[in-house]
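Engineer: Mind looking over this structure? Questions follow.
Values quoted throughout were computed directly from the atomic coordinates according to the rules given, and no laboratory measurement underlies them. These numbers were taken from a predicted model, which means no experiment stands behind them. Neighbour counts run over all protein chains shown; Cβ positions are idealised from the backbone, glycine included.
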Amino acid sequence: MDRKQRSGLVGGLILVLLGVWFLAMQWVPGLRPWFSWPWIVIGVGIFLLMIGLLTGVPEMAVPACIVGGIGGLLYWQNATGNWESWRYAWTLIPGFVGVGVFLSGLLGEKPRKSMREGINLILVSLALFVVFSAFTGSPNLLGDYWPALLILWGLYLLIRPLFRSRGT
């Protein structure tokens with residue numbers, strides 16, 4: 001099946017799934033309270049991932065994870081009313097990129113390199129989340145010791161190149 005046929009297949013599948021979802025919303029009124037507007041954003045992320053899978057473009061996992069992750073944040077904020085969490089929640093976006101890079105590595109070429117880069121992005125994102133949440137005052141996950149983690153992370157980044165093997 002060539003790329004044009006796959007694209008048509010993806011478009012048709014998306015329309016069918018959207019139609020099924022909206023019919024289910026009409027026929028089963030109990031689904032409406034469960035459905036809130038952030039699910040639209042999450043759904044767009046899922047559809048981007050489906051497009052990538054069906055068209056053979058695993059790199060679509062990156063924007064899919066970004067959109068889906070932001071949708072998940074919006075869902076949590078909408079459910080809890082904690083909108084001020086954007087002070088530090090934005091630091092999770094590089095982690096969403098990392099998840100997408102990791103997935104695209106699993107689904108595509110150069111899986112080892114992509115998975116390593118994805119994990120690095122996730123770890124950086126989590127470190128930023130902890131530091132910014134501690135710095136902005138909520139949630140204070142590290143207490144008064146978060147500057148020590150910055151020092152340790154900086155030392156790690158300074159020392160790491162010294163221990164890499166030189167491949168010539």
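Engineer: Does region 33-163 come out rounded, prolate or oblate by the C-alpha gyration tensor, with a ≥ b ≥ c the root eigenvalues, rounded set by a/c under 1.5 and, if not, prolate when a/b is larger than b/c and oblate if not? Present the calculation step by step, with values, prior to reporting the outcome.
Structural biologist: Working: a/c = 4.42, a/b = 1.15, b/c = 3.85.
Oblate, since a/c reaches 1.5 and b/c is not below a/b.
Engineer: Now for a different question. Take L152 and L18, extend 7 Å from each Cα along the Cα→Cβ direction, and tell me the distance between the two endpoints in nm.
Structural biologist: 4.9 nm
Engineer: Among S36, V101, T136, whose Cα projects farthest towards the positive end of the dipole of region 33-163, with charges put on the beta-carbon of Lys, Arg (+1) and Asp, Glu (-1)?
Structural biologist: Sorting the options by dipole projection puts first V101.
Engineer: Using the crude model of +1 on Lys and Arg Cβ and -1 on Asp and Glu Cβ, and no other charge, please compute the dipole size for region 33-163 relative to its Cα centre, in debye to 20.
Structural biologist: On the way: 6 positive and 5 negative charges, 61 e Å.
Computed charge dipole of region 33-163: roughly 300 debye.
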